[in-house]
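**Q** Structure in structure tokens, see below.
What follows draws every value from the coordinates through simple rules; no lab data is involved. These numbers come from a predicted model, not from an experiment. All Cβ positions, glycine included, derive from the backbone under ideal geometry; neighbour counts span all protein chains shown.
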Amino acid sequence: QVQLVESGGGLVQAGGSLRLSCACSGSIFRTSTMGWYRRAPGKQRELVAAVGRDGSPNYEDSVKGRFTISRDNAKNTVYLQMNNLKPEDTAVYYCKLDSAIWGYAWGQGTQVTVSS
């Protein structure tokens, strides 16, 4: 059973920064694609950023240049550094693991609130 535990959410003023972390319980992490998704109030969950097992990142257009996704395979952890936060970034952020071998798993989510 793979478990994902997110941390690092909170309340921040516009222009501020937060760093989200997602720790994975299993070694399957190292061969999986990891992604950060978010669900804003009244909206569907959307992909924010993802990083392949080779470290190659991709980003949703609205966060390019502000957010950075990275992974530490030695710690089975993926990070999302969020800079220059905007009120429209307010959402619950979820970590997702995608494994071609094992399947997928979601974290429980962490709230990010950006005040104007």
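**Q** In this structure, is R45 closer than 16 Å to G8 by Cα and either charged (D, E, K, R) or under 10 Å from the mean Cα position of the chain (by Cα) (or both)? Lay out the reasoning, then the answer.
**A** On the way: closer than 16 Å to G8 by Cα: no; either charged (D, E, K, R) or under 10 Å from the mean Cα position of the chain (by Cα) (or both): yes.
So R45 fails the test.
**Q** Please go through the stretch 82-110 and pick out each residue that is polar (S, T, N, Q) and farther than 21 Å from S25 by Cα.
**A** Narrowing the stretch 82-110 to residues polar (S, T, N, Q): 83-84, 90, 99, 108, 110.
Matches in the stretch 82-110: N83, N84, T90.
**Q** Something else about it: Being surrounded by 20 or more Cβ atoms within 10 Å (Cβ to Cβ) and assigned to a strand (DSSP E or B) is the filter here, so list the residues in the stretch 50-78 that pass it.
**A** Listed by number, the residues that qualify are V51, F67, I69, R71, V78.
**Q** Give the number of residues within the stretch 13-37 that are buried (at least 22 other Cβ atoms within 10 Å of the Cβ) and touching a Phe, Trp or Tyr at 6+ places or on another chain (Cβ under 8 Å).
**A** 4
**Q** Here is a check on your reading of the model: is V114 in contact with a Pro (Cβ under 7 Å, 6 or more places away or on another chain) and in contact (Cβ under 8 Å) with a residue 60 or more places away in the chain?
**A** Spelling it out, V114 is indeed in contact with a Pro (Cβ under 7 Å, 6 or more places away or on another chain) and in contact (Cβ under 8 Å) with a residue 60 or more places away in the chain.
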